[in-house]
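A quick write-up on the structure given underneath.
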Ligand SMILES: Nc1ncnc2c1ncn2[C@@H]1O[C@H](COP(=O)(O)OP(=O)(O)OP(=O)(O)O)[C@@H](O)[C@H]1O
Ligand SMILES: [Mg+2]
């Protein structure tokens with residue numbers, strides 16, 4: 001790093017992940033430029049320059065690049081072509097947009113796992129509606145998982161459906177999809193991996209419990225309830241996947257642990273992730289600080305877990321849209337080891353991630369009990 005130490009990082013996307021990335025380096029002399037289509041994006045108040053533009057706006061991305069020493073992104077749905085062009089011109093972009101090109105499309109991503117002998121659920125590609133019958137014939141089970149190849153996030157763009165419904169002509173999505181074997185009774189775990197191109201580290205496994213209707217994480221805990229051999233196997237698969245991608249940055253590898261102990265890659269996010277929020281308070285180095293270290297060409301920090309932790313997302317309830325308040329804060333704040341993060345979103349919407357909290361405790365059971373108690377207290381409420 002050149003002296004004086006006052007670099008400018010450009011972030012494409014200004015949501016909560018960007019906000020926590022910036023917050024983790026507030027004690028450092030780092031500045032951030034942010035590009036986001038929402039004029040009230042979570043990161044806006046922190047930005048040196050805030051560019052209010054579409055994530056696909058090439059001109060705006062080039063402007064961000066001009067104003068910044070290094071670029072990163074906190075969302076996958078960006079203009080990859082523009083980033084590839086910038087990278088070719090010598091701009092440092094971490095992770096490389098070549099990785100985004102693979103990850104942005106679930107069909108290409110799944111094929112990447114197959115080509116690199118990385119374990120993943122069986123799948124078939126569906127480009128047009130006439131291809132459903134043939135695609136379904138390759139996949140076992142009455143229930144199947146259909147995923148839009150592009151544009152899905154937070155479970156939107158994923159449908160678990162009966163094959164008989166599809167064969168009757170009820171197509172879950174229009175546009176290219178993958179259809180995947182439904183892994184029943186699986187557990188969901190994730191391994192966060194970081195690499196500076198020389199050294200690659202993992203954080204201890206996290207285990208997730210999902211809301212079955214929203215497909216959103218509603219409780220996440222670390223350490224995961226795994227034996228040492230399974231934990232090692234999960235970490236090895238995650239590291240192998242990031243190495244196959246030639247990945248520099250922070251990556252979340254979402255895994256499915258089948259009932260017979262097999263570990264399958266569900267998907268990879270090439271950025272800090274919901275499954276790593278707890279690292280802010282529970283680990284020596286958070287996923288956010290680590291990405292800053294990588295962006296700034298500083299040594300990686302230790303990823304050990306300091307205390308067992310539970311993270312719960314604060315999700316906009318079904319019956320409120322627009323203005324909101326947080327209730328139950330006073331009672332929650334009396335719990336030792338409770339940490340709140342609010343995302344500065346002006347309006348709530350059903351299913352929207354409005355914030356999260358982490359609870360750390362000496363035992364995982366203690367952390368879960370406290371977190372569930374707070375979940376019943378702390379609410380997004382109508383004004
Ligand atoms: N093959 C599968 N078998 C069983 N469940 C699955 C399978 N694939 C996905 N799921 C479930 O659907 C959820 C969402 O799938 P996926 O992660 O691919 O979508 P997403 O929209 O990218 O979600 P997110 O942004 O929340 O990570 C998974 O976390 C898991 O609960
Ligand atoms: Mg996912």
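Just so you know, all these numbers are worked out from the coordinates, no wet-lab data involved. Keep in mind the model is a prediction, meaning the values are calculated, not measured. Cβ: placed from backbone, ideal geometry, glycine included. Neighbour counts: every protein chain shown.
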What is the calculated FRET efficiency for residue 150 to residue 296, with r their C-beta to C-beta distance and R₀ = 22 Å, to the nearest 0.05?
0.10
Test of understanding: in a Gaussian network model of the chain with alpha carbons linked when under 10 Å, which of 204, 270, 172 would top the mean-square fluctuation ranking?
172
Efficiency of FRET from Cβ geometry, residue 334 and residue 101, R₀ 41 Å, rounded to 0.05:
0.25
Please rank 304, 115, 69, 361, fewest neighbouring Cβ atoms within 10 Å first, as an exposure proxy.
115, 304, 69, 361
Contour minus Cα-Cα span, residue 66 to residue 40, at 0.36 nm per residue, comes to 7.1 nm
For segment 38-117, what relative contact order do you get, as a whole percent, if you take Cα pairs closer than 8 Å and at least 6 residues apart?
22 percent
Residue span residue 170 to residue 114: 0.36 nm per residue of separation minus Cα-Cα distance leaves a gain in nm of 17.3 nm
How much length would be gained if the chain were fully extended between residue 376 and residue 362, taking 0.36 nm per residue of separation minus their Cα-Cα distance, in nm to one decimal?
2.9 nm
Counting other C-beta atoms within 10 Å, which of 77, 278, 273, 116 has the fewest, and how do the rest follow?
116, 77, 273, 278
For residue 246 and residue 325, extending 7 Å from Cα along the Cα-Cβ vector and measuring point to point gives, in nm, a value of 5.5 nm
With springs connecting C-alpha atoms under 10 Å apart, model the chain as a Gaussian network and identify which of 107, 13, 157 has the largest mean-square fluctuation.
157
Under 8 Å for C-alpha pairs, at least 6 residues apart: give me the relative contact order for the chain, rounded to a whole percent.
13 percent
Segment 122-181: relative contact order as a whole-number percent, Cα under 8 Å and 6+ apart:
50 percent
Rank the residues 360, 198 as a footprinting-exposure proxy: fewest other Cβ atoms within 10 Å of their Cβ go first.
198, 360
Pick from 244, 234, 269: which residue has the top mean-square fluctuation in a GNM of the chain where Cα pairs under 10 Å get a spring?
244
